[in-house]
Amino acid sequence: MELFFNTLGVVLAPSHFIMLIAGVLMGLAIGILPGLGGITGMTILLPVIYGMDVHSAFALLIGMVAVIPTSDTFPSVMMGIPGSSASQATIMDGYPLAKKGEAARALGAAFTASLIGGLFGATVLSVIIPIARPIVLLFASPELFMLAFLGISFVGVLSGQKPIRGFLAAGIGLMLGALGDAPAVPEYRYTFGLDYLMDGVPLVIVGLGLFAVPEIIDLLIKGRSISKVATLGKGWLDGVKDALKHKFIILRCSTIGVIVGFLPGLGGSVVDWIAYGHIIQTTKDRENFGRGDIRGVIAPESANNAKEGGALIPTFLFGIPGSGSMAVFLGGLLILGIQPGPAMVTENVDLIYTAIWSLALANVFGAGLSILLAKPITRLTIIPFSYMAPFLVLIITFASYQASRSWGDLVALLIMGFLGWIMKQYGWPRPAALIGFVLSDSLETYLFISVQRYGFGWMARPGVIALAFIILISVGMGIFYQKRKPSGAHKKHEKNLS
Amino acid sequence: MKKLQCVLVLLIALAFIAVPNAFSVDFSGKTIEWIIPFDVGGGSDVWARLYAPFLHKYLPGTPIVAIKNMPGGGSIIGGNHFASRAKPDGLTIFGSSGSTTFPYLLDNPRVKYDFAKYPIVFATPVGGMAYIRPEFGVKSVADLKGLKKQLAYASQGATSLDIVPLLAFDILGLNVKAVFGYKGRGPGRVAFEQGEVTIDYQTSPAYIKNVRPLVKQGQAVPLLSWGMIDKDGNMVRDPEEPDLPNLAEAYEIMYGKKPQGPAWNAWKAFFIAGFAVQKAVWLPENTPDEIVAAHSKAAEKTVADPEFQKVAAAELGGYTQLVGPAARKAFNQVLQVPKKDREWLINWLKTKYDVTIK
């Protein structure tokens, strides 16, 4: 216990504190620039930390990774462009709010939710570390497959009244995810001999292509600014109040975020959709989702911040990255001379506490700075879009290019953008396609391992059966609440969600 | 007389140019680009970043040593880039790992690089140790002979570094089912702890940190190490676990004779490529001798540096780094594998795992 508070003193020491703030500032910048995410930030910082003392390096790295899920809300809300792969669901309701001129309110709610979610994640991390090992060990491949399946089951809810389209879109996403090298056999699928496709299509390009490009095109066609209203409406304080009003949503979604982060295999980019899908499923009055319901912003934002705390658990305890940026963070640990694993809880406990404090403090500063920046940045939504478009096109092109630094990235962006625009025009749910894409690898890998290892007996495992029940309940709830709405609202709701 | 003087001056000048001289090479103000065909943070990336500051210090002219990550295609893309683009001016070096060498050895048509043509600068060995779950009642390699039960091994793929453990288990006559799809040895170890798989191996740094505690707690039983190659090219025990028999000794313990035959020859070659010289640094084809000498000398000084030795012991497992001729000698054992042994392995992959290299 005293070690816990001692490390707070260590983190607050000026040299470490400066590193923390540096990390936070960097995380803010990376989050605000659309398309970049934790992996980019880690990649940039890793060569820098060589030779640094461990606590400073931790403060820097974690400061950065903790803040990205906060600051990535800016482009998602204000331009409908995913700030990072964990912030895609925020677009669904955040962007319509910006169009109504309520960007500041959306941001205020999002940052409050992010702050509370992040602190929740840090708290869970500190409490659970001693008992986490046996829990993670309970989730073997069959259980991880069921979790990925739970993720896919949200597709129905996210597709409104035409779940068929949702499942088909998810199918397209699954097939797109299968492109490239197969997870378990040395084969390449549909690469047509192209080196570029050997590793499949990068996630950042799929996200930007499906969401950012159609948005930019449509705004240019309509020839106006993002906000339909000339003056900005409610301010960020109202957003904060909204968030506090819905504190149970924050709590529930933070829990979801921590769990998804904690279990290696689902990946961070699906956590926001799971939270978003969950909140729709469990709400009776859902007509406003997709049109600017503030709850649709609060849910994913609290989940994606909490996920960072959760993702540190398997990274520290097992050396298994809980998300893509954690994979690079692991490399950082090795450079610093730390071998993550069971030894960490005994030998390097002080580092785990440093991480927890860095996470908590970074969230506080990140949210605070973001709120300060909210007012000036939201003015961008009044600028006529034809001035903004060139910068945005440049930024998303740059973000796509950093995926694998080859021409293929740009071609892929064009193709995905075209696909995304067509899906938008004809009302095919893009979130479903994205979820399919993200979960494709997990579903295939874990199913393949389960069948190889256990034959079909894997389905009789208690964990699998328990998760199957949860999936049934979740889907059932989604259908049940759906049926209670009057039919007029159905059509509106479904259009909102494409 | 004047003509003679001219000829003499010319001859002396030529003499200076012709002698390969490490001291005439100077990289000051330049940047050495070190291509690593893997992602930032991966094992090979960490290895390069540990070496880079020392190479910077010891290369003539203290040039910047910048790591250029070019992941993709299982490291084949980075290798191909090096093969086609690197100029023989000493400013580009290439770091390969086992996953770069294996496709080369297996005649993968996508591979455009050829290690036989490149001068090697230095190589870093790594060891591997295999262990089994306690519930089989196996206390050591000797008990394996009677074990008929099927074991499960978490594998990344039949053409990955896993060729070494899978073929080793085959040679020992174990009934091992390879479960494919795991993303690395880390997930493999977790699967072992969960009981999802029952036999596993880890590279030495991971074994030391993560498996030794399991052994102490009685949750894992160490079996054997793959072994190591000494400076004369002989198979010896792994210095990190001197009590564990290497594969040849394990076979002898179980069957009373030394292993031999195409399986053993193939295993030895792939073991050397995948472990004994797992990571290596190369210069492009036709690099002048003095540049190769300059790089080799910098590597020698690095290895002799006590600060580097400390770092290497902590991160790389404390094995003797191979430099210059020793590295070339070790890697030649890989390059000189008779074609029939390689073909035996390709055939083994096809019959046992239904894998053809396309």
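The chymotrypsin sites (Phe, Trp or Tyr not before Pro) of segment A:170-262 that DSSP puts in a loop, and whose beta carbon has at most 10 other beta carbons within 10 Å, are A:PHE192. Backbone amide hydrogens, once placed in the peptide plane, bring B:ILE67 within less than 5 Å of B:TRP34, excluding anything fewer than 5 places away on its chain.
Shown in residue order for segment B:40-50 are the 3J(HN,Hα) couplings computed by the Karplus curve 6.51 cos²θ - 1.76 cosθ + 1.60 at θ = phi - 60°: 4, x, x, x, 6, 5, 4, 4, 5, 5, 6 Hz (x for Gly and Pro).
Relative contact order, percent, of segment A:36-142 when contacts are C-alpha pairs under 8 Å separated by at least 6 residues?
On the way: 82 pairs, mean separation 20.2, N = 107.
For segment A:36-142, the relative contact order is 19 percent.
With contributions of -39500 (n - 2.57) from each DSSP H run of at least four residues, the per-residue ellipticity at 222 nm computed over chain A stands at -24500 deg cm²/dmol.
Take every DSSP beta bridge with both residues inside the protein assembly as shown and express the antiparallel ones as a percent of the total, to the nearest 5.
On the way: 23 of 38 bridges.
The antiparallel fraction comes to roughly 60 percent.
Roughly what percent of Cα-Cα pairs across the protein assembly as shown reach past 49 Å? Here the long-distance tail beyond 49 Å is 22 percent of all Cα pairs in the protein assembly as shown. For A:LYS284, a cut-off of 12 angstrom between C-alpha atoms picks up no aspartates and glutamates at all, skipping any fewer than 8 places away in its own chain.
Considering only A:GLY151, A:PHE58, A:SER370, and ranking their Cα positions along the charge dipole of the protein assembly as shown that arises from unit charges at the beta-carbon of Lys, Arg, Asp and Glu, the one farthest toward the positive end is A:GLY151. Say the dipole of chain A comes from +1 at the beta carbon of Lys and Arg and -1 at that of Asp and Glu; which of A:LEU138, A:ALA104, A:PHE398 then lies farthest toward its positive end? The listed residue farthest towards the positive side: A:ALA104. Each residue in A:ARG430, A:ARG133 was given a count of other beta-carbon atoms within 10 angstrom of its own, and listing them fewest first yields A:ARG133, A:ARG430. Amide H contacts for B:VAL121 (H built 1.01 Å from N in the peptide plane; partners 5 or more residues away or on another chain; cut-off under 5 Å): B:VAL281, B:TRP282, B:LEU283. Assuming a ≥ b ≥ c are the square roots of the Cα gyration tensor eigenvalues, decide whether segment A:2-496 counts as rounded (a/c under 1.5), prolate (otherwise, with a/b larger than b/c) or oblate. Rounded, because the longest to shortest axis ratio a/c is under 1.5. List the trypsin sites (Lys or Arg not before Pro) within segment A:264-307 that fall in a DSSP loop (any state other than H, G, I, E or B) and whose Cβ has at most 15 other Cβ atoms within 10 Å. Of the trypsin sites (Lys or Arg not before Pro), the ones in loops of segment A:264-307 whose Cβ has at most 15 other Cβ atoms within 10 Å are A:LYS284. Taking label points 7 Å from Cα along the Cα-to-Cβ direction, B:ASP232 and B:LYS30 give a separation of 3.9 nm. Note on B:LYS358: aspartates and glutamates with a C-alpha under 19 Å away, same-chain residues under 8 apart excluded, are A:ASP181, A:GLU187, A:ASP195, A:ASP199, B:ASP107, B:ASP114, B:ASP162, B:GLU343.
Enter the mean number of other protein chain beta carbons within 10 Å of the beta carbon of each residue in B:185-197, as an integer.
Details: counts 1, 9, 9, 0, 4, 11, 5, 0, 5, 7, 2, 8, 4.
Partner Cβ neighbours, averaged per residue: 5.
Arranged from fewest to most other beta-carbon atoms within 10 Å of their beta carbon, A:PHE74, A:PHE149, A:PHE5 become A:PHE5, A:PHE149, A:PHE74. With a 10 Å cut-off around each Cβ of A:326-335, the average count of Cβ atoms from other chains is 5. In terms of packing, defined here as the mean over residues of other Cβ atoms within 10 angstrom, the peptides A:416-429, A:329-342, B:265-278 line up highest first as B:265-278, A:329-342, A:416-429.
Nearest 0.05, what FRET efficiency do B:THR351 and B:GLU135 give at R0 = 25 Å with Cβ-Cβ as r?
It comes to 0.20.
Residues of A:137-144, mean number of Cβ from any other protein chain within 10 Å of their own Cβ, rounded to a whole number?
Values: counts 6, 1, 2, 6, 9, 1, 1, 0.
Partner Cβ neighbours, averaged per residue: 3.
Taking a ≥ b ≥ c as the square roots of the Cα gyration tensor eigenvalues, with a/c under 1.5 meaning rounded and otherwise prolate when a/b beats b/c, else oblate, which class fits segment A:47-156? Here segment A:47-156 falls in the oblate category.
Rounded, prolate or oblate: pick one for segment A:325-401, where a ≥ b ≥ c are the square roots of the eigenvalues of its C-alpha gyration tensor, a/c under 1.5 means rounded, and failing that, prolate if a/b is larger than b/c, else oblate. Oblate, because a/c is 1.5 or more while a/b does not exceed b/c. Helix B:289-304 axis versus longest C-alpha principal axis of chain B: approximately 50°, rounded to the nearest ten.
Place a +1 charge on the Cβ of each Lys and Arg in segment A:2-496 and a -1 charge on the Cβ of each Asp and Glu, then give the dipole magnitude about the Cα centre in debye, rounded to the nearest 20.
Working: 33 positive and 26 negative charges, 433 e Å.
So the dipole magnitude of segment A:2-496 works out to roughly 2080 debye.
Counting other Cβ atoms within 10 Å of each Cβ, which trypsin sites (Lys or Arg not before Pro) in segment A:126-224 have at most 16 and sit in a DSSP loop?
Values: sites: A:ARG165, A:ARG189, A:LYS222, A:ARG224; in loops: A:ARG224.
Of the trypsin sites (Lys or Arg not before Pro), the ones in loops of segment A:126-224 whose Cβ has at most 16 other Cβ atoms within 10 Å are A:ARG224.
Can you give me the span-like helices of chain A, meaning DSSP H runs with 18 Å or more of Cα extent along the axis and Kyte-Doolittle mean at or above 1.0? Provide the component values of the computation, followed by the final result.
Working: long enough: A:14-32 (27 Å, 1.95); A:54-71 (25 Å, 1.77); A:103-138 (43 Å, 1.70); A:141-157 (26 Å, 1.70); A:163-178 (22 Å, 1.42); A:247-262 (22 Å, 1.73); A:295-318 (35 Å, 0.22); A:349-378 (42 Å, 1.42); A:385-404 (29 Å, 1.28); A:407-425 (28 Å, 1.21); A:430-454 (35 Å, 0.58); A:462-483 (32 Å, 1.70).
The qualifying helices are A:14-32, A:54-71, A:103-138, A:141-157, A:163-178, A:247-262, A:349-378, A:385-404, A:407-425, A:462-483.
Between A:ASP53 and B:LYS68, the FRET efficiency estimated from the beta carbon spacing at R0 = 30 angstrom works out to 0.65. Among the lysines of segment B:1-150, pairs at least eight places apart or on separate chains and with Cα atoms under 23 Å apart come to 12.
Charged side chains reduced to their Cβ positions (Lys and Arg at +1, Asp and Glu at -1) give the protein assembly as shown a dipole of some 2000 debye around its Cα centre.
Over segment A:2-496, what is the relative contact order in whole percent, taking alpha-carbon pairs under 8 Å and six or more residues apart?
Values: 988 pairs, mean separation 142.1, N = 495.
Dividing the mean separation by the residue count of segment A:2-496 yields 29 percent.
Let's test the formula: R0 of 45 Å, r as the Cβ-Cβ distance of A:MET459 and B:ASP143. What FRET efficiency results, to the nearest 0.05? Working from the Cβ atoms, E equals 0.85.
Report the full-extension gain for the segment A:SER15 to A:MET477: residue separation times 0.36 nm, less the Cα-Cα distance, to one decimal in nm. Please list the in-between numbers first.
Numbers: separation 462, 0.36 × 462 = 166.32 nm, distance 5.13 nm.
Full-extension gain reported as 161.2 nm.
The ranking of B:CYS6, A:CYS253 from fewest to most other beta carbons within 10 Å of each one's beta carbon is B:CYS6, A:CYS253. In chain B, helices alone account for a calculated mean residue ellipticity at 222 nm of -12500 deg cm²/dmol, with every DSSP H run of four or more residues adding -39,500 (n - 2.57).
Bear in mind that the values in this text are calculations on the coordinates, not laboratory data. Remember, it's a predicted structure, so these values are computed and weren't measured experimentally. Cβ sites come from the backbone with ideal geometry, for glycine too, and all protein chains shown count toward neighbours.
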